[in-house]
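Visitor: Below you will find the structure I want to go over with you.
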């Protein structure tokens, strides 16, 4: 096991592939990620960069035609990557919970939502689904900001997006998990509802003390909610730092590109897009996968993926511009 | 040679081909997919052989399917009579071979009639909507309230059991499928914005139906037809078996199976071989139909 | 509440459809044939006899009046008199229908149980041996003619191996008391285990023959549906909740996957009612199907009309049940 950098979660050299008709998709190249208890980590990046795959890997939910072919995931003291399915089942829904992007689709259409929450609670409390469990269901619905009387017997298609997401949050937090993974929880919702849901999460998590991984492509959302941020590109983590540090001092060319493309009140310069397109993960670029689009690409960038370097305290970058084999250039 | 090149130089022809290029690409892609679906290929293979046998029947067998030869009756399969003979001394092999012609004819006629009735009813219902739709759909429901074989049986018996009436009867049972299809297509096309546009230019209903709705229906109809052909054969065979279909001595496979029923125990060949023929051909259509459906399924990432 | 209204709507529709069905059947059996009476009596019968018969049967009236008379009769549950048995057709129907009903129900149950089982396991163990076996079994099932399969199995199990009986519902000297007319049910009620076992032996082959094709259809749809459902988001959620594979499949996936299968079950009911005709003929099963076939061959059109009408009614009721269970299973349908 490589360096253990966080006391809750440590992902090291994670490699995930998908076998398809078109070829082998090298979804995760060698992902490094870590976090501490009670922290809020945001994973940002474009669609397809591997954020969700990383999250699913933590949960052990990568299935055919996908496979984890290398790396370790250490959760507290348990090595998730080498655990048997039965043991993983014990952890899911209990110590690690997850909420997903389209809440209406993520709920079983033929089951009442009250029952679906009851399932989670039943598992956590190790009790059969009955009066006691349903009392807890009502409590969780209230906590999530829903009128339990009206909602408990509804079916998912009868709920609005916001309501459905609240149900998912109630479901996920019912076990008071050590880690809550939220995979783009607001991307499918209206902007106003987005704010509500994030507020709700903020409130609840503050009270319960769960660690949160928030996956999003919206840097604004990540900035609001997260203490730390990890930027991913094409299957690698390229920069990791406290949120303020990322925004004030982005180091990786990709991070800088992302920030330049975000509209902000008060900005007067033109929005710039990063030239080039997202790489094909069946035949990804060699070495650092960003090199074809990078202004500062050097020969070495084509050879190997740059190692993760701690530039400042708590601020990590994977880029040869700052690396041992590259030029130290903090201002570019 | 020069005439051809002159034609091809013609601007109009060039434009015609240009406009059709995307469709050609579609066909090329479909062909590629077909070649890569083993089941569809096996199915097609079977059907092609089936058609070849039907066309070249007289070449494949020297015996007549209806000539009787009582002295040689009920003889088991041999080098002379590959499938043996029946109680009238008729060569079973020939009867099965010539039976392919009967089956092809049945499929052909039934398809035409049922599609014509079905599409007419369906498109009218879907396009004009409202009360026309309600009434036509209720009528369709009424036909669908019968188990198909029973309705076909009663129709055939009422019309008089012979080949033509069998085909009419089956068509009168099958049309409902194409009615539903036609209605769905008509409703889809009707709601397209471009229909409003051409209506504004003065296109009348008939024109819209013929030039816009019908072409869109061709593809789903063909898929459905392929899937139905197996069932048509089975229904016709069932009717023939019951004695309510084709009359002797026409060699319809179902009727031949029925012929052999009283002789089943000691002369198994009369019943067995035509049944195998039915099973193989229907299997061929089913495989082909499955394959076509898979090819057209957008969810299979190709 | 919405559910109740839905049922009432459907029943109303069914009544209208049945009216149309009656018209269609009447038209087919009374209007199309050239001269049923002449055909029945034979071409050489003297004209007076034919005319007399026609008068007796009420066939000298204009067709519309005949139709009205017929419908009036229906309301009083009078289906007319069978020309062959000279009994009220209704009596014949009541006599023969239970046999068809039993055959159809048992074969549907067989088809659903085996089909669902094969389909679910095919989906879970995709491309493993059970999947391949099931798919071959299925594609053969929808390709083979029912009557041919029946004859071959009869040849094998009855004539050659002498394992199973060849005809009828019970052996010669076994008479289960007739309560419902369903041999299996009646013998259980009267605890006549001899008759029960005998009934089972007699029904095995017909059920298998009749049900094979539907088993195949159900298995295929079940497999496709299951594979489709297992790909969906909410299955991922269920797994992320830490539910065991067993619960995910049987509690979450199955109910959803079963929904399209219900349509097939409804269709299968119709195919079975139709296929019962062939099966009953082969196995000399004394049911309504065989009754109609025999009536057709002798042009007993009252029997044909009554029998066909009854079967259409049963089929419509079955479809109604299917629609209702559709709405019961899928809350999205209760619009």
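Every read-out reported here was derived from the displayed coordinates using simple, explicitly stated rules and does not represent laboratory data. Only a predicted model underlies this, so the values are computations on that prediction, with no experimental measurement involved. Note that each Cβ is placed from the backbone with ideal geometry, even for glycine, and that neighbours are counted across all protein chains shown.
Visitor: When the helix-only estimate is applied to chain A (DSSP H runs of n ≥ 4, each -39,500 (n - 2.57), divided by the residue count), what is the mean residue ellipticity at 222 nm, nearest 500 deg cm²/dmol?
Guide: One gets -9000 deg cm²/dmol as the mean residue ellipticity at 222 nm.
Visitor: Next question, about the same structure. Ratio of alpha-carbon Rg to the 2.2 N^0.38 Å globular estimate for the protein assembly as shown, to two decimals, please.
Guide: For the protein assembly as shown, the normalised Cα radius of gyration comes out at 1.18.
Visitor: In peptide C:153-161, how many Cβ atoms from other protein chains are near each Cβ within 10 Å, on average?
Guide: 2
Visitor: If I histogram all Cα-Cα distances within the stretch B:1-95 using bins 10 Å wide from 0, what percent of pairs lands in each bin?
Guide: Percent of pairs per bin, in order: 14, 21, 17, 18, 13, 12, 6, 0.
Visitor: Quick one: which of B:279-292, A:290-303 comes out on top by average Cβ neighbours within 10 Å, and what's the full order, highest first?
Guide: Those peptides, ordered most packed to least, come out B:279-292, A:290-303.
Visitor: Counting other beta carbons within 10 Å of each Cβ, put A:187, A:97, C:316 in order, fewest first.
Guide: A:187, C:316, A:97
Visitor: Still on this structure, please answer the following. Convex hull volume of the Cα atoms in chain B, per residue, in Å³?
Guide: Per residue, the Cα convex hull of chain B comes to 198 Å³.
Visitor: Report the antiparallel proportion of the DSSP beta bridges in chain A as a percent, rounded to a multiple of 5.
Guide: 60 percent
Visitor: With the crude spin-label approximation of a point 7 Å out along Cα→Cβ, what separation in nm comes out for residue B:41 versus residue A:261?
Guide: Taking the two extended label points, one gets 4.3 nm.
Visitor: Oh, and also: With n ≥ 4 as the cut-off for DSSP H runs, can you work out [θ] at 222 nm for chain B, using -39500 (n - 2.57) per run divided by the number of residues, rounded to the nearest 500?
Guide: The helix contribution divided over chain B gives -25000 deg cm²/dmol.
Visitor: Considering only DSSP beta bridges where both residues belong to the protein assembly as shown, give the percentage that are antiparallel (nearest 5).
Guide: 65 percent
Visitor: Can I ask one more? How much mean residue ellipticity at 222 nm does chain C get from its helices, if each DSSP H run of length 4 or more adds -39500 (n - 2.57) and you divide by all residues, to the nearest 500 deg cm²/dmol?
Guide: Calculated mean residue ellipticity at 222 nm is -23500 deg cm²/dmol.
Visitor: Mind checking the mean number of beta-carbon atoms from other chains within 10 Å of the Cβ atoms in B:273-285?
Guide: Across B:273-285, the average partner-chain Cβ count within 10 Å equals 3.
Visitor: At 0.36 nm per residue, and after removing the present C-alpha to C-alpha distance, how many nm does the segment from residue A:206 to residue A:309 gain when stretched out fully?
Guide: Between residue A:206 and residue A:309, full extension yields 34.0 nm more.
Visitor: For peptide A:107-113, compute the average count of partner chain beta-carbon atoms within 10 Å of each residue's beta-carbon.
Guide: 6
Visitor: Output the 0 to 90 degree angle, nearest 10, between the alpha-carbon long axis of helix C:193-230 and the longest principal axis computed from the alpha carbons of chain C.
Guide: So the inclination is approximately 50 degrees.
Visitor: Moving on to the next point. Assuming 1.002 mPa s and 20 °C, estimate D for chain C with Stokes-Einstein, Rh taken as the Kirkwood radius over Cα pairs, in µm²/s.
Guide: 94 µm²/s
Visitor: Give the average over all directions of the projected area of the C-alpha convex hull of the stretch A:205-332, one decimal, in nm².
Guide: If I average the Cα hull's projected area over directions, I get 9.2 nm².
Visitor: Scaled to the compact-protein estimate 2.2 N^0.38 Å, what is the alpha-carbon radius of gyration of the stretch A:1-124, rounded to two decimal places?
Guide: For the stretch A:1-124, the normalised Cα radius of gyration is 1.14.
Visitor: Measuring from label point to label point, each 7 Å out along Cα→Cβ, what is the residue C:130 to residue B:162 span in nm?
Guide: 5.5 nm
Visitor: Please give the FRET efficiency for residue C:85 paired with residue A:278, using the beta carbon to beta carbon distance and R0 = 51 Å, rounded to the nearest 0.05.
Guide: Once rounded, the FRET efficiency stands at 0.05.
Visitor: Between residue B:6 and residue B:195, take the C-beta separation as r, use R0 = 45 Å, and let me know the FRET efficiency to the nearest 0.05.
Guide: Working from the Cβ atoms, E equals 0.70.
Visitor: To the nearest 10 degrees, how steeply does helix B:130-144 sit against the main Cα axis of chain B, on a 0 to 90 scale?
Guide: Between the helix axis and the principal axis of chain B, the angle is about 10 degrees.
Visitor: Here is a further query. Take the Cβ-Cβ distance between residue C:167 and residue C:69 as r, set R0 to 45 Å, and report the resulting FRET efficiency rounded to the nearest 0.05.
Guide: Using R0 = 45 Å, I get an efficiency of 0.70.
Visitor: What distance in nm separates the two pseudo spin-label positions at residue C:9 and residue C:233, each 7 Å out from Cα along the beta-carbon direction?
Guide: With each label placed 7 Å out from Cα toward Cβ, I get 2.8 nm.
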